[in-house]
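Computed from the coordinates by the stated procedures, all read-outs in this text should not be read as laboratory data. Bear in mind that the values here come from a model prediction, so they are computed numbers and not experimental data. All Cβ positions, even for glycine, are placed from backbone atoms using ideal geometry, and neighbour counts span all protein chains on display.
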Amino acid sequence: MKTNKKGFTLIELMIVVAIIGILAAIAIPNFLNYQCKAKQSEAKQSLGTIAKNQEAYVAEFNKYADSSVKLGFQVKGEGSKRYYTYSYAGVSSNAYTATATSMNKGIKGTAADDKWEINEKLQLKNTTNACQ
């Protein structure tokens, strides 16, 4: 007698699960790294805006601004929509350094902060990179 068996064997199902696991192990870290780099674009864009505003401010007042209020700079978004805080250091009539520091103990959920800096020479540098 011929029986008609339909379905998958346990071995076939285990092979499919193993393949999915391998693909996930490769894809998830890459996805998290791309997501981290996308969040870094907030810092780069905002520091560029701060630099432009600083140049406009120094043209009018002959010194650099020491606060975002004086520059008219504000990051839109509340809470989880913002990833960085911004501060100013070494502000004088001819120099400044603006810093973007990631919030919430790093933008990848790690303890490492992500820090970006820009100065009056428009040199943008990543002093601590959380996206490695």
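Nearest 500 deg cm²/dmol is fine: what mean residue ellipticity at 222 nm does the chain get from its DSSP H runs of n ≥ 4 alone, each adding -39,500 (n - 2.57), divided by its residue count?
-15000 deg cm²/dmol
Apply the a/c threshold of 1.5 to the C-alpha gyration tensor of the chain and tell me whether it is rounded, prolate or oblate.
Prolate.
Extension gain LYS44-SER87, at 0.36 nm per residue separation less the Cα-Cα distance, in nm?
Working it through step by step, the gained length comes to 14.1 nm.
Collect residues whose amide H, placed 1.01 Å from N in the peptide plane, falls under 5 Å from the amide H of TYR84; neighbours closer than 5 in sequence don't count.
Amide H neighbours of TYR84: MET103.
Which residues' amide hydrogens lie under 5 Å from the amide hydrogen of LEU124, considering only partners 5 or more residues apart or on another chain, with H built in the peptide plane?
none
Per-residue HN-Hα couplings for segment 87-92, Karplus 6.51 cos²θ - 1.76 cosθ + 1.60 at θ = phi - 60°, whole Hz, x for Gly and Pro?
Residue by residue, segment 87-92 yields 9, 10, 9, x, 7, 9 Hz.
Calculate the FRET efficiency for LYS52 and THR128 from the Cβ-Cβ distance with a Förster distance of 30 Å, rounded to the nearest 0.05.
The value I calculate is 0.80.
Peptides 81-91, 26-36: what's the order by average Cβ count within 10 Å, highest mean first?
81-91, 26-36
Calculate one ³J(HN,Hα) per residue across segment 62-75 by plugging θ = phi - 60° into the Karplus curve 6.51 cos²θ - 1.76 cosθ + 1.60, and present them in order as whole Hz with x for glycine and proline.
After applying 6.51 cos²θ - 1.76 cosθ + 1.60, I find 6, 7, 7, 7, 10, 8, 5, 5, 5, 7, x, 9, 8, 7 Hz.
Which of the listed residues, VAL75, ILE11, PRO29, is farthest toward the dipole's positive end in the chain, when Lys, Arg count +1 and Asp, Glu count -1 at the beta-carbon?
Result: ILE11, furthest along the dipole toward the positive end.
Mind listing the phi-derived Karplus ³J(HN,Hα) values for segment 26-41, rounded to whole Hz, using 6.51, -1.76 and 1.60 with θ = phi - 60°, and x for any glycine or proline?
7, 6, 5, x, 5, 4, 5, 5, 5, 5, 4, 5, 5, 5, 5, 5
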